1. Using 0.36 nm per residue, how much length does the chain from R7 to R129 gain when fully extended, once their Cα-Cα distance is taken away?
2. Could you grab the relative contact order for the chain? Cα pairs under 8 Å, six or more apart, rounded to a whole percent.
3. Ignoring ligands, DNA and RNA, what accessible area per residue does the chain give at 1.4 Å, in Å²?
4. Between helix 71-81 and the chain, what is the angle of the helix's C-alpha long axis to the longest principal axis, kept within 0 to 90° and rounded to the nearest 10?
5. Of the listed peptides 6-19, 118-131, what is their order by residue-averaged count of other C-beta atoms within 10 Å, with the highest listed first?
6. Which whole number in µm²/s is D for the chain by Stokes-Einstein, with the Kirkwood Rh taken over Cα pairs at 20 °C and 1.002 mPa s?
7. Rounding to the nearest 10 and keeping the result within 0 to 90°, find how far the Cα-based axis of helix 121-130 lies from the longest principal axis of the chain.
8. Ignoring ligands, DNA and RNA, please state the percent of accessible area on region 1-101 from carbon and sulfur, probe 1.4 Å.
Amino acid sequence: RRGIVERGIGLDLSAAMIAEARRRADAAGLTGLEFHECDWPSPPAAVDERLAAARPDLVVFASSLHYADDVRPWLEESRRTLVPGGLVAILERAPERSLLTRAWGWAHRLLLRDGAEFTATPELLAALRETGFGDARVTAELKRWLWHGKVITSMALVTARAP
């Protein structure tokens, strides 16, 4: 709505999340956005071609990297996709900042068994550097019990630049 994103491509494995994103984009009058139900870092060829043609200057992961078995392939694909100097922004749980966030991570592993694993922020910064990103840093931190009706406890916004 502020004109920051003129066009964009949203990806998610969840059909429900894609439908919600489309609904919100339509309600906000954001006509330059498209959404695809697919996996990252290996989207279908048609989506990969769209990304190659678009050459984004920003890749955003919003509470999604905790579903990656290994974050490095996700980051490597982001680096490959971004224009030189492009930004990756990662909003993710920060288990090192809160005992409750660590407990929430254990609940995912032991009770929910949904494959979620929260990567500590220092490890995420190291993975960014290992995959060729520069200027990796924590841009913001948030510590709340509830946010938009969800228990989030602690989060970090981590950013880095593609070479």
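The values are calculated or read from the model by the stated rules, or taken from the named source; none is laboratory data. It should be emphasised that the depicted structure is a prediction, and the values quoted were computed from it without experimental measurement. Here the Cβ positions follow ideal geometry from the backbone for every residue, glycine too, while neighbour counts run over all protein chains shown. The accessibility values were calculated without ligands, DNA or RNA, using every heavy atom of the protein model including side chains. Shrake-Rupley method; radii C 1.70, N 1.55, O 1.52, S 1.80 Å.
1. Taking R7 through R129 to full extension adds about 41.1 nm, to one decimal.
2. 20
3. Ligands and nucleic acids excluded, the result is 60 Å² per residue.
4. Value to nearest ten degrees: 20.
5. 118-131, 6-19
6. Translational D for this selection: 128 µm²/s.
7. 40
8. Using a 1.4 Å probe with all protein chains present, region 1-101 comes out at 53 percent carbon and sulfur.
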